[in-house]
Protein chains: 2
Amino acid sequence: MADDRTAALDRILELVAVLDTDSRESLARDGLTPARAHLLWVLQHQGPLPQRALAEALRVSARNITGLVDGLVDSGFVTREPHPTDRRATLVSFTEHGAATAARLEREHGEFARVLFADLPEDRFRAFADGLDHVLDRLREHGVSLDAQAER
Amino acid sequence: MADDRTAALDRILELVAVLDTDSRESLARDGLTPARAHLLWVLQHQGPLPQRALAEALRVSARNITGLVDGLVDSGFVTREPHPTDRRATLVSFTEHGAATAARLEREHGEFARVLFADLPEDRFRAFADGLDHVLDRLREHGVSLDAQAER
DNA sequence: TATTGTTATACTCTATAACTATA
DNA sequence: TATAGTTATAGAGTATAACAATA
């Protein structure tokens, strides 16, 4: 019994490894890395942002954002524009290529979700989603969550 | 409906992020990184190995193993010993500290699995494990798996 | 005085290619 | 000739600290 739990955790970790490697390869085909794609994702959902806001959203240092934006500017996904009211800040905005890529990544994300659960009957899907919620709740109870991490 | 699937995928990705950050922090307290801990894990399950075997097990370059072993030697987790029959090779073995740490990490892995599924009734746990298998099968069908990745 | 972003510096993980020692 | 591991080199992600420009 206890061993079943360990086996399930191992399968979760296998899933983590598989998703990580696969998304990495897929992004590489677009000339992106996970960190840079994450930045595009935030821009896609929140619109043009100053680097400071990006640092908070990605929960990384300001220095790191400078590097990520440098890379995305060089590869043509975003531009640095002057902030309309604060001359210290720069607004990071999509180029056409960046906007098109981000939109496509979002579409593919939805398609991937459909493939993942294809042919899984509704009741079994519900049960799985339930278990997922349970696990995330258990982690939150133990102070392990994105919010808890953000507070540090 | 289709949106439920996307929401479930998003929760899987949240779980991935949470587990990644949490394990990273936990390992850091032991003076380890994920890559170095992975190497210790392999050593724990397969015994002393030449670096070449470690490169295959971790699926990284030989050069990378040199760096990881350098770090683990410096921090006192492993030693490089001469290979008994092949003078080109070096055997990577645990120090006492390394062996004790690896054993503790394995214990904590099992404890973590128990916490994760605590209070989840057996039938709901089964349903979750089922869904997990389904998702991994779907990925395998699409050529996305650790084995498929290994073949490249 | 506080904030935004950059420069300087450093560490880890990752890779390929050239090279040494040994098989 | 092939294999084990290292040196050389490079790129990405991450961090802290010092600093410039602006608020």
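Values in this text are rule-based calculations from the coordinates and carry no lab data. Remember, predicted model here, so these are calculated numbers, not experimental data. Cβ sites come from the backbone with ideal geometry, for glycine too, and all protein chains shown count toward neighbours.
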Legend entry - Other-chain or far-sequence residues with amide H under 5 Å of A:S75's (modelled H): none
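Could you tally the net charge around B:D133, taking each other residue with its Cβ under 11 Å from the Cβ of B:D133, Lys/Arg +1 and Asp/Glu -1? Kindly include the intermediate steps, with their values, before the conclusion.
Details: positive: A:R11, A:R124, B:R126, B:R138, B:R140; negative: A:E14, B:D130, B:D137.
Summing Lys and Arg as +1 and Asp and Glu as -1 gives +2.
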Inset, instruction - Read phi for every residue in segment A:43-59 and hand back ³J(HN,Hα) as whole Hz from Karplus 6.51 cos²θ - 1.76 cosθ + 1.60, θ = phi - 60°, with x for Gly and Pro. - result: 4, 4, 9, 10, x, x, 9, x, 4, 4, 5, 5, 4, 5, 5, 8, 6
Inset, instruction - Between the label point of A:P48 and that of the same position in each other copy, find the distances and list them shortest first in nm, with every label point placed 7 Å from Cα along the Cα-to-C-beta direction. - result: 6.3
Inset, instruction - Give me the angle, in degrees from 0 to 90, between the Cα long axis of helix B:122-141 and the longest principal axis of the Cα atoms of chain B, rounded to the nearest 10. - result: 70
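In terms of the Cα gyration tensor, with a ≥ b ≥ c the square roots of its eigenvalues, is the protein assembly as shown rounded because a/c is under 1.5, prolate because a/b exceeds b/c, or oblate?
Oblate is the answer for the protein assembly as shown, as a/c is 1.5 or above yet b/c matches or exceeds a/b.
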Legend entry - Average other protein chain Cβ within 10 Å of Cβ, residues A:17-30: 3
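Please report the relative contact order for chain A, taking Cα pairs under 8 Å with a sequence separation of at least 6, and give it as a percent rounded to a whole number. Present the calculation step by step, with values, prior to reporting the outcome.
Working: 95 pairs, mean separation 23.8, N = 152.
Computed over chain A, the figure is 16 percent.
Cα gyration tensor of segment B:33-152, axes a ≥ b ≥ c as square roots of the eigenvalues: rounded (a/c below 1.5), prolate (a/b > b/c) or oblate?
Values: a/c = 3.20, a/b = 1.59, b/c = 2.01.
It comes out oblate by the Cα gyration axes.
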Legend entry - Phi-based couplings in Hz for segment A:8-19 (Karplus 6.51, -1.76, 1.60; Gly and Pro marked x): 5, 4, 4, 5, 4, 5, 5, 4, 4, 5, 5, 5
Inset, instruction - Tell me which residues come under 5 Å, amide H to amide H, from A:L49 once H is placed; ignore anything under 5 positions away on its chain. - result: A:V92
Inset, instruction - Would you calculate, for the protein assembly as shown, the mean residue ellipticity at 222 nm contributed by helices, counting each DSSP H stretch of 4 or more residues as -39,500 (n - 2.57) and dividing by all residues, to the nearest 500? - result: -23500 deg cm²/dmol
Inset, instruction - Please list B:84-90, B:105-111, A:87-93 highest first by mean number of surrounding beta-carbon atoms within 10 Å per residue. - result: A:87-93, B:105-111, B:84-90
Inset, instruction - Going by the rotation axis that takes chain A to chain B, pick out the residue of A with the closest C-beta and quote the gap in whole Å. - result: A:A127, 2
Inset, instruction - Calculate one ³J(HN,Hα) per residue across segment B:29-36 by plugging θ = phi - 60° into the Karplus curve 6.51 cos²θ - 1.76 cosθ + 1.60, and present them in order as whole Hz with x for glycine and proline. - result: 5, 8, x, 10, 10, x, 5, 5
Legend entry - Label-point gap, in nm, between B:A89 and B:D119 - each point 7 angstrom along Cα→Cβ: 5.0
Inset, instruction - Could I have the simple spin-label model distance between A:E56 and B:L13, label points 7 Å from Cα toward Cβ, reported in nm to one decimal? - result: 2.2
Inset, instruction - Give the nm distances, rounded to one decimal, from B:S93 to the matching residue in every other copy, measuring between label points 7 Å along Cα toward the beta carbon; shortest first. - result: 6.5
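By its C-alpha gyration tensor, with a ≥ b ≥ c as the square roots of the eigenvalues, how is segment A:39-83 shaped: rounded for a/c under 1.5, else prolate for a/b larger than b/c, else oblate? Let's see the in-between values first.
On the way: a/c = 1.40, a/b = 1.12, b/c = 1.24.
Because its axes are fairly even, with a/c under 1.5, segment A:39-83 counts as rounded.
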